[in-house]
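S.K.: Please find one structure pasted underneath; my questions will follow.
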Amino acid sequence: MDIFSSGAVLCGASAYQWFRIPPFVRETLDDGIGLAPRAAGRLSRLGYLDAPVSLLASNRGSMHRVKGVAFRYWSAELLPGELEGVGSDLAVTSPELTLLMLASKVSALHLALMMSEMCGGFSSVHLSEEDAEAVRMGVQQGVFAYAGWAPLFTNERGMPDTRAAAGSVLSDLWQRDALTSRDKLRTCAKRHAGVQGIERFTRALDDAVEGARSPFEVQTAILLTLPRNRGGEGFELQGMNVPVTLSKRAREILDQERCYIDLLFSGPEGCPGVAVECQGRSVHGTSGQAVKDVRRVAALEAMGYRVLSITYDMISNAAACHQMVHLLAEKMGVPYRDKTEFLLKKEIDLRAELFCEWNRLGMMPASKRGRR
């Protein structure tokens, strides 16, 4: 392997999984592992990377047989910034190049979901019991501080537990800063216009959303914005997690200077917009935060917004979702035409792929239908 003469370069699904791992855990993984190319099989010790681990190779002669490793040949020129060193003998492809390399391996829709996660403010990963307890200790002692990364613990009632008390559970959902942007992904596509999978990459980029804070928000946005002939609802999204500076009247209700709208759609004339609020149990809980959510809805309505609060069950259940979509159209002031049998079939196909096992993204190969 000659891209990094002194180590290994993670790429593809392995690189995607690497970027999901909180820095706190990454720091313990590279310590003393020894990732020299001839010992690449020891990458399995990383634990959070599914086998076979994907390694980058710039010439076919370096693609030797190693148990638990799959080499990915990449003949295109690697440009500055497309490799990131993360240890003495370990590197990883950039978020943009990682997604491009996955374009020929996963469906266009799943690639759009992965893009949305990397362009969003969240990561989804299930930590081992040992690592979860280490995170808990750090939170309890007030020493868990990694720029842009924040864990979410929930108690037995599903409410957020900022103190990570005994008995609380570390969620798979982490908040972090965005790893890339749609503009950076477009630039990557232009740089590598002729590589395998570029057409699927650009199609997925058209469907991806930016600024989401959870898989729930991504799934809702894509379901509501994809064209109807592809199973969606065809609504135009104005933005995600849009900041709103509150008026004096609204501040008296919510007692803060600003709030964020999960999904913002246009409203009828004279209305600043329709706010769709994704009420995720693990984030909003059943009380406490839920009370604040009620105040937030009231504050937005005091400013003229129309608000629609939804739950995951409301979008994952087709019948409930159809009723919700009718209500959204009413709030937006636009007519809604019921779907034909053909369009309903497209929606069934979309749902089968959209509501997937999120943590397995990147490991589920594209079906014949999903390759389009």
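S.K.: List every residue whose amide H lies under 5 Å from the amide H of L83, counting only residues 5 or more places away in sequence or on a different chain, with H placed 1.01 Å from N in the peptide plane.
M.R.: Under 5 Å from the amide H of L83: S94.
S.K.: If you don't mind, there's one more thing I want to ask. Considering all alpha-carbon pairs of the chain, what whole percent are spaced by more than 25 angstrom? Don't skip to the end; give the middle numbers.
M.R.: Values: 40713 of 69006 pairs.
Summing the P(r) of the chain above 25 Å gives 59 percent of all pairs.
S.K.: Quick check: the distance between the Cα centres of the range 298-344 and the range 165-198, to the nearest angstrom?
M.R.: Answer, in whole Å: 28.
S.K.: Can I ask one more? Given the peptides 314-323, 173-182, arrange them by the average over their residues of other C-beta atoms within 10 Å, most packed first. Can you show the working numbers first?
M.R.: Working: 314-323: 14.7, 173-182: 17.5.
Ranked by mean Cβ neighbours within 10 Å, highest first: 173-182, 314-323.
S.K.: Between their Cα atoms, which of K292/K331; K105/K346; K184/K339; K184/K346; K105/K339 are more than 25 Å away from each other? Write out the running numbers ahead of the final one.
M.R.: Numbers: K292/K331 23 Å; K105/K346 23 Å; K184/K339 36 Å; K184/K346 31 Å; K105/K339 32 Å.
Distance filter (> 25 Å) returns K184/K339; K184/K346; K105/K339.
S.K.: Taking 0.36 nm per intervening residue step and subtracting the Cα-Cα distance, what contour gain separates N229 from M137 on full extension?
M.R.: Numbers: separation 92, 0.36 × 92 = 33.12 nm, distance 4.99 nm.
Working it through step by step, the gained length comes to 28.1 nm.
S.K.: Work out, in µm²/s and without decimals, the Stokes-Einstein translational diffusion coefficient of the range 79-149 at 4 °C, 1.567 mPa s, Rh from Kirkwood over C-alpha pairs. Each step should come with its number before you reach the end.
M.R.: Working: Rh = 15.0 Å.
Translational D for this selection: 87 µm²/s.
S.K.: Something else: Can you tell me how much longer the chain between R258 and R182 gets when fully stretched, taken as 0.36 nm per residue apart minus their C-alpha distance, in nm with one decimal?
M.R.: On the way: separation 76, 0.36 × 76 = 27.36 nm, distance 2.58 nm.
Once the chain is fully extended between R258 and R182, it gains 24.8 nm.
S.K.: Next up: Between E341 and R191, take the C-beta separation as r, use R0 = 41 Å, and let me know the FRET efficiency to the nearest 0.05. Mind showing how you got there, number by number?
M.R.: Details: r = 43 Å, r/R0 = 1.06.
The calculated FRET efficiency here is 0.40.
S.K.: What whole-number volume per residue, in cubic angstrom, does the convex hull of the C-alpha atoms of the range 127-171 give?
M.R.: Working: hull volume 3.2 nm³, N = 45.
Expressed per residue, the convex hull around the Cα atoms of the range 127-171 is 70 Å³.
S.K.: Same structure, new question: With Rg and the Kirkwood Rh both taken from Cα atoms, where does Rg over Rh land for the range 303-372?
M.R.: Working: Rg = 15.4 Å, Rh = 14.5 Å.
Taking Rg over the Kirkwood Rh, I get 1.06.
S.K.: Applying 1/(1 + (r/R0)^6) with R0 = 22 Å to the Cβ-Cβ distance of C271 and V242, what FRET efficiency is obtained, to the nearest 0.05?
M.R.: 0.90
S.K.: Once amide H atoms are placed 1.01 Å from N in the peptide plane, what residues at a sequence separation of 5 or more from L237, or on another chain, have their amide H within under 5 Å of its amide H?
M.R.: none
S.K.: Let me know the Rg and Dmax you get for the range 191-256 when you use only its Cα atoms, in Å.
M.R.: Answer for the range 191-256, Rg first and Dmax second: 17.3, 56 Å.
S.K.: Shifting gears a bit: Quote the relative contact order of the range 212-338 in percent (integer), defining contacts as alpha-carbon pairs under 8 Å separated by 6+ residues. Please report the intermediate quantities before stating the final value.
M.R.: Values: 187 pairs, mean separation 27.3, N = 127.
This gives 22 percent for the range 212-338.
S.K.: As an exercise, use a Förster radius of 51 Å and the Cβ-Cβ distance of E156 and R203 to find the FRET efficiency, rounded to the nearest 0.05. Don't jump to the answer; show the numbers that get you there.
M.R.: Details: r = 43 Å, r/R0 = 0.85.
E between E156 and R203, to the nearest 0.05, is 0.75.
S.K.: Once fully extended, how much extra length lies between R249 and A165, figured as 0.36 nm per residue of separation less the alpha-carbon to alpha-carbon distance?
M.R.: Values: separation 84, 0.36 × 84 = 30.24 nm, distance 3.66 nm.
This chain segment gains 26.6 nm when fully extended.
S.K.: May I pose another question? Can you give the Rg and Dmax of the range 212-338 based on its C-alpha atoms, in angstrom?
M.R.: 14.4, 45
A short reminder: the numbers here are calculations on the coordinates, not readings from a lab. No experiment lies behind these values; they were computed from the predicted model shown. Methodologically, a virtual Cβ is constructed for each residue, glycine included, from the backbone with ideal geometry; neighbour enumeration extends over all protein chains shown.
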